[in-house]
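Colleague: Quick one: structure below, then a few questions.
The values are calculated or read from the model by the stated rules, or taken from the named source; none is laboratory data. This is a predicted model, so every value here is computed, not measured. Methodologically, a virtual Cβ is constructed for each residue, glycine included, from the backbone with ideal geometry; neighbour enumeration extends over all protein chains shown. Just the protein is used for accessible areas: all its heavy atoms, side chains included, with ligands, DNA and RNA removed. Shrake-Rupley method; radii C 1.70, N 1.55, O 1.52, S 1.80 Å.
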Amino acid sequence: MARGQVLHLPGGVQTALTELWEQHRPGCPPVGYKLRDPYRDRWVRFHSLPESKRYAEDESEYTVVLERYNTVLDELEVPPFQPDARYWQTLLVEDDPNPEFRTYCHLFAARRPWRYGCLDALLRDIADAKVAGVLVTDTRMRRVYHPYDGGADVFLPTPGERDQTRDRHADWLSSHSSGL
């Protein structure tokens, strides 16, 4: 794809993707930070580094960050797909009366074959706060992984599955009572 060129999902795929999202997350846009409140009973947050440290300072800490991201992603049953990020939809984030001050979020969808470590370059950019707003899901969008600089929010289909995932990685949880 040429730099600056935007590929669009075919209309049927775009509609199917939106309908699939709405089936599992009705009334909530595909924006990571907006998922936590309506889906709190299926949400768990993992921190990227021990003692809730936010940013890696050396390669040994990046190894920990990437290991934690990849370990949980490996458990989410992310199946193989075809590559190529394509435009999905645009969301109005801030509706200001002055069109010059309106803020939009442009969403793109990509299908990638999953294997441990395949997203490391992207995950490292997320850990360094160079990239934000990424969601990784399974094909049915039942499991959503939202990495951010400092950790990842995970949204699972049931409270029971959330509890099992949380318990497997209890050392990565926040000590704060809210889970943040």
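Colleague: Which FRET efficiency value, to the nearest 0.05, is calculated for Thr90 and Val131 with the Förster distance at 22 angstrom and r the Cβ-Cβ distance? Please report the intermediate quantities before stating the final value.
Modeller: Numbers: r = 18 Å, r/R0 = 0.83.
After rounding to 0.05, the efficiency reads 0.75.
Colleague: Can you give the accessible area of His106 in Å² (nearest 10), computed on protein heavy atoms with a 1.4 Å probe?
Modeller: 110
Colleague: Give the percent of DSSP beta bridges with both residues in the chain that are antiparallel, rounded to the nearest 5. It would help to have the intermediate numbers written out before the result.
Modeller: Working: 19 of 20 bridges.
Here the antiparallel bridges make up roughly 95 percent for the chain.
Colleague: I want to verify a result. In a Gaussian network model of the chain, Cα cutoff 10 Å, which of these has the top mean-square fluctuation: Glu94, Glu57, Glu19?
Modeller: Of Glu94, Glu57, Glu19, the most mobile in the Gaussian network model is Glu94.
Colleague: In terms of solvent-accessible area of protein heavy atoms at a 1.4 angstrom probe, what is the ranking of Asp138, Asp96, highest value first?
Modeller: Working: Asp138 15, Asp96 50 Å².
These residues rank, largest area first, as Asp96, Asp138.
Colleague: Additional query: Summing -39500 (n - 2.57) over the DSSP H runs of n ≥ 4 in the chain and dividing by its residue number, what mean residue ellipticity at 222 nm do you reach, to the nearest 500 deg cm²/dmol?
Modeller: Per the formula, -9000 deg cm²/dmol.
Colleague: OK, next. Contact order normalised by length for the chain, with contacts defined as Cα pairs under 8 Å and 6 or more residues apart; what percent is it?
Modeller: Dividing the mean separation by the residue count of the chain yields 29 percent.
Colleague: Sort out the exposed loop chymotrypsin sites (Phe, Trp or Tyr not before Pro) in the chain (DSSP loop, at most 15 other Cβ within 10 Å) and tell me the longest stretch that has none.
Modeller: In short, 117-180.
Colleague: Once the Cα atoms of segment 104-180 are picked out, what are the Rg and Dmax in Å?
Modeller: Calculated on Cα positions, Rg and Dmax stand at 13.7, 37 Å.
Colleague: Between Asp163 and Asn98, what FRET efficiency follows from the Cβ-Cβ distance if R0 is 41 Å, with the result rounded to 0.05?
Modeller: Taking R0 as 41 Å, the efficiency between Asp163 and Asn98 is 0.30.
Colleague: Additional query: What's the extension gain from Ser174 to Cys105 if we count 0.36 nm per residue and subtract their Cα-Cα distance?
Modeller: Value of the extension gain: 22.0 nm.
Colleague: Using the Karplus curve 6.51 cos²θ - 1.76 cosθ + 1.60 with θ = phi - 60°, work out ³J(HN,Hα) for each residue of segment 41-55 in order, rounded to whole Hz, and write x for Gly and Pro.
Modeller: Working through the residues one at a time gives 6, 10, 10, 9, 10, 10, 8, 6, 10, x, 6, 6, 4, 8, 10 Hz.
Colleague: Rank these residues by their accessible area, most exposed first, probe 1.4 Å: Ser174, Ser52.
Modeller: Ser52, Ser174
Colleague: For segment 78-151, what does the accessible surface come to per residue with a 1.4 Å probe? Please give it in Å². Walk me through the intermediate numbers first.
Modeller: Values: 4380 Å² over 74 residues.
Value for segment 78-151: 59 Å² per residue.
Colleague: Hey, any idea what % of the chain's accessible area is carbon plus sulfur with a 1.4 Å probe?
Modeller: 50
Colleague: Moving to a separate point now. Give me the base-10 log of I(q)/I(0) for the chain at each q in 0.08, 0.18 Å⁻¹, Debye formula, one uniform scatterer per Cα, rounded to two decimals.
Modeller: Debye curve over Cα of the chain, log10 I(q)/I(0) at q = 0.08, 0.18 Å⁻¹: -0.27, -1.32.
Colleague: Give the angle, between 0 and 90 degrees and rounded to the nearest 10, that separates the Cα long axis of helix 159-168 from the longest principal axis of the Cα atoms of the chain.
Modeller: 50
Colleague: Then there's this: Which value, in Å² and to the nearest 10, is the accessible area of Lys130 when all protein chains are kept and the probe is 1.4 Å?
Modeller: Spelled out: Lys130, probe radius 1.4 Å, area about 150 Å².
Colleague: What angle, in degrees between 0 and 90 and rounded to the nearest 10, separates the Cα long axis of helix 59-75 from the longest principal axis of the Cα atoms of the chain?
Modeller: 70
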